[in-house]
Amino acid sequence: MIHAILPVGMLQCNCSILGDEASREAIVIDPGDEIDQILKILAQHKLRVKAIVITHAHIDHIGGAQKLKAATGAPVYMNENDAPLYDALDTQAGWLGIPTPERTQIDSPLRDGDSLQLGPAELHALHTPGHTQGSVSLWIPLENKLIAGDTLFRDSIGRTDLPGGDSRQILRSIHEKLMPLPDDAVVIPGHGANTTIGREKQFNIFLRNL
Ligand SMILES: [Zn+2]
């Protein structure tokens, strides 16, 4: 599978571009910004976007969704529990002091247990609330990879002090949904460097008391 990770925007959100070599179909996860760059990578690999997936409705992850949808026609998937946060996009833009991006319609509610097909691979949606109420992580068994959004980071976990955050809930989500994954599963967090489930089990101090 093709997997390009592009840090986009002021907060350097890791946008994942997943592509199937045979069908040339692609899924773009968290197109927060820099849609021109994302389109360039898609064109380089001759990929056609079949789905746009949002791990959660923070502006740095969803800000470019409208623009990417307009350019590709692909449907947008997001967990419905983050709808109120998306409705508050102007408030979020105010936090960062940036103009409010145009918003898009959410085409499909991404629920726990839903899966998306990309060539031979399946992307399983795991509802992992805590950073936000609609936070979703995507588990790709065939690739042994987890796209974690802002739930789990290398040496850290997502902040829970913003509206919709819940510090107990994020730990429960990580414990119940992410820690059972294989120790050698590669984790691609919403920001910063990759890690593995095993590494975080061993070194992440936020997970010590689980
Ligand atoms: Zn976030």
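The values are calculated or read from the model by the stated rules, or taken from the named source; none is laboratory data. No experiment lies behind these values; they were computed from the predicted model shown. Here Cβ is always computed from backbone atoms with ideal geometry, including for glycine, and neighbour counts include all displayed protein chains.
Look at residue 202 and say whether it is surrounded by 15 or more Cβ atoms within 10 Å (Cβ to Cβ) and either of a type in the set (S, T, N, Q) or at pLDDT below 95 (or both).
Against the criterion (surrounded by 15 or more Cβ atoms within 10 Å (Cβ to Cβ) and either of a type in the set (S, T, N, Q) or at pLDDT below 95 (or both)), residue 202 does not qualify.
Could you list all residues from the stretch 156-174 that are more than 14 Å from the ligand (Cβ to nearest atom) and of a type outside the set (Gly, Ala, Ser)?
168, 169, 171, 172, 174
Just wondering, is there one or more residues in the stretch 189-203 that are assigned to a loop (DSSP other than H, G, I, E, B), free of Cβ contacts under 8 Å to residues at least 24 places away in the same chain and more than 17 Å from residue 124 (Cα to Cα)?
no
So, residue 62, is that one within 10 Å of the chain's Cα centre (by Cα), without any contact (Cβ under 8 Å) to a residue 40 or more places away in the chain and either buried (at least 21 other Cβ atoms within 10 Å of the Cβ) or over 30 Å from residue 95 (Cα atoms) (or both) or not?
yes
Would you pick out the residues in the stretch 132-155 that are surrounded by fewer than 16 Cβ atoms within 10 Å (Cβ to Cβ) and within 15 Å of the ligand (Cβ to nearest atom)?
Of everything in the stretch 132-155, nothing turns out to be surrounded by fewer than 16 Cβ atoms within 10 Å (Cβ to Cβ) and within 15 Å of the ligand (Cβ to nearest atom).
From the list 177, 201, exactly one residue is away from the ligand (no atom under 16 Å from the Cβ), closer than 25 Å to residue 106 by Cα and of a type in the set (Lys, Arg). Which is it?
Step by step, each of 177, 201 is checked, and only 177 is away from the ligand (no atom under 16 Å from the Cβ), closer than 25 Å to residue 106 by Cα and of a type in the set (Lys, Arg).
So if I check each of 173, 108, which one is touching a Phe, Trp or Tyr at 6+ places or on another chain (Cβ under 7 Å) and of a type outside the set (Phe, Trp, Tyr)?
After ruling out the rest, the residue left standing is 108.
Give all pairs with beta carbons closer than 6 Å in which a residue from the stretch 74-101 that is buried (at least 16 other Cβ atoms within 10 Å of the Cβ) meets a residue that is part of a helix (DSSP H, G or I); count only pairs at least 6 apart in sequence or on separate chains.
Close Cβ pairs satisfying both conditions: 76/65; 76/69; 92/59.
Among the strands (runs of 3 or more DSSP E) lying completely within the stretch 73-174, list those that include at least 3 residues that are under 16 Å from residue 61 (Cα atoms).
Where strands (runs of 3 or more DSSP E) fall fully within the stretch 73-174 and carry at least 3 residues being under 16 Å from residue 61 (Cα atoms), they are 76-78, 136-140, 145-149.
Quick one: in the stretch 10-59, of everything that is hydrophobic (A, V, I, L, M, F, W, C) and in contact with a His (Cβ under 8 Å, 6 or more places away or on another chain), which residue is surrounded by the fewest Cβ atoms within 10 Å (Cβ to Cβ)?
That would be 11.
Could you please give the count of residues in the stretch 51-72 that are assigned to a helix (DSSP H, G or I), in contact with a Gly (Cβ under 8 Å, 6 or more places away or on another chain) and hydrophobic (A, V, I, L, M, F, W, C)?
Matching residues across the stretch 51-72 total 2.
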